[in-house]
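To start, the structure under review is shown below, and the notes come after it.
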Amino acid sequence: MGILIGGRDVGVATDVGRVRDHNEDSVLAGGRIFAVADGMGGHAAGEVASGIAVRSLGELADATGQGDLRPEDLLDRLAAANRSLLESAAANRERAGMGTTVAGVAVVTVDGTDRWAAFNVGDSRVYRWGGGNLTRVSTDHSEVQELIDAGLISEQEAAVHPLRNVITRSLGTDPAPVPDLWVLPPVSGDRFLICSDGLTNELSDAEIAAVLQREEEPQAVADALVRAALEAGGRDNVTVVVLTGTILP
Ligand code: CA
């Protein structure tokens with residue numbers, strides 16, 4: 001079984017937002033790996049951090065080409081990106097303490113058949129849209145997610161909680177953070193959405209689902225989601241990748 005992704009199967013949109021003066025999100029959309037990274041750190045270090053993360057994954061996509069990409073290759077590459085971030089921060093004072101989230105989807109090969117692999121570190125998210133339903137694939141590595149999991153606060157309370165921007169895992173930390181990774185069977189017609197928290201802090205899952213219901217083409221979905229986040233306030237950089245794939249028997 002194979003998964004084919006053509007140019008029209010991928011939509012990408014990003015915007016600095018209506019409050020921030022530069023965009024610290026970085027995006028990768030090409031080959032077999034698709035990712036969004038949301039950087040943090042002063043003096044433009046945020047975009048350096050997110051750029052290192054997506055460039056590192058992009059090199060892996062280039063290196064494997066149409067060959068087999070294994071789930072463990074993704075984990076090795078994220079560990080390498082973490083080391084690059086630490087080295088860059090150690091060599092440049094202005095980059096001390098920089099870090100980045102990363103979330104993404106890749107086409108991996110397991111036992112000779114293609115599968116989707118979704119991965120994340122931090123609070124950028126991967127969603128899956130299929131059969132008219134939006135499901136969160138990734139789990140945020142954040143203080144508020146831990147409070148939700150412990151039954152202490154609700155999703156609604158998390159949205160306005162003072163700790164809502166505190167993440168518990170990021171690339172750029174020592175010891176290396178452990179990414180979450182899921183291997184998923186391909187289902188015809190499924191779409192994936194990868195996004196930074198600039199989208200999910202402005203739009204509820206129901207509002208995101210309404211856009212996916214309305215728009216079909218991946219680029220139209222990506223544009224509409226970013227536009228909706230800006231209309232809802234645009235308080236942060238917002239980045240969206242939407243992709244689908246043709247399932248071959
Ligand atoms: Ca952000």
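The values are calculated or read from the model by the stated rules, or taken from the named source; none is laboratory data. Just so you know, these numbers come straight off a predicted model, no measurement behind them. Cβ atoms come from the backbone with ideal geometry, glycine included; neighbour counts cover every protein chain shown. For the accessible areas, the whole protein counts, side chains as well, though only heavy atoms, and no ligand, DNA or RNA atoms are used. Shrake-Rupley method; radii C 1.70, N 1.55, O 1.52, S 1.80 Å.
Some points to look at:
- Normalised size of the stretch 1-114, defined as Cα radius of gyration per 2.2 N^0.38 Å with N residues, equals 1.15.
- Cα-based radius of gyration of the stretch 35-175 once divided by 2.2 N^0.38 Å, which approximates compact folds: 1.14
- All C-alpha to C-alpha distances of the chain, sorted into 10 Å bins beginning at zero, yield P(r) values of 8, 33, 37, 19, 3, 0 percent in whole numbers.
- Evaluated with a Cβ-only charge set (Lys, Arg +1; Asp, Glu -1), the stretch 1-46 carries a dipole of roughly 160 debye about its Cα centre, given to the nearest 20.
- Rg to Rh, two decimals, where the stretch 103-249 supplies the alpha carbon set and Rh follows Kirkwood: 0.97
- Considering only alpha-carbon pairs that sit under 8 angstrom and 6 or more positions apart, the relative contact order computed for the chain is 30 percent.
- Charge dipole (debye, nearest 20) of the stretch 181-243; +1 at Cβ of Lys and Arg, -1 at Cβ of Asp and Glu: 60 debye
- Whole-number Å³ per residue for the convex hull built on Cα positions in the stretch 138-182: 86 Å³
- Helix-derived mean residue ellipticity, 222 nm - over the chain, DSSP H n ≥ 4, -39500 (n - 2.57), to 500: -10000 deg cm²/dmol
- Convex hull projection area averaged over all views, the stretch 68-143, Cα basis, nm²: 6.9 nm²
- Distance between the C-alpha centres of the stretch 1-78 and the stretch 212-228: 19 Å, rounded to the whole angstrom.
- Among the protein heavy atoms of the chain, carbon and sulfur supply 49% of the accessible surface, probe 1.4 Å, non-protein parts ignored.
- Debye, to nearest 20: dipole size of the stretch 61-171, +1 on Lys, Arg Cβ, -1 on Asp, Glu Cβ: 220 debye
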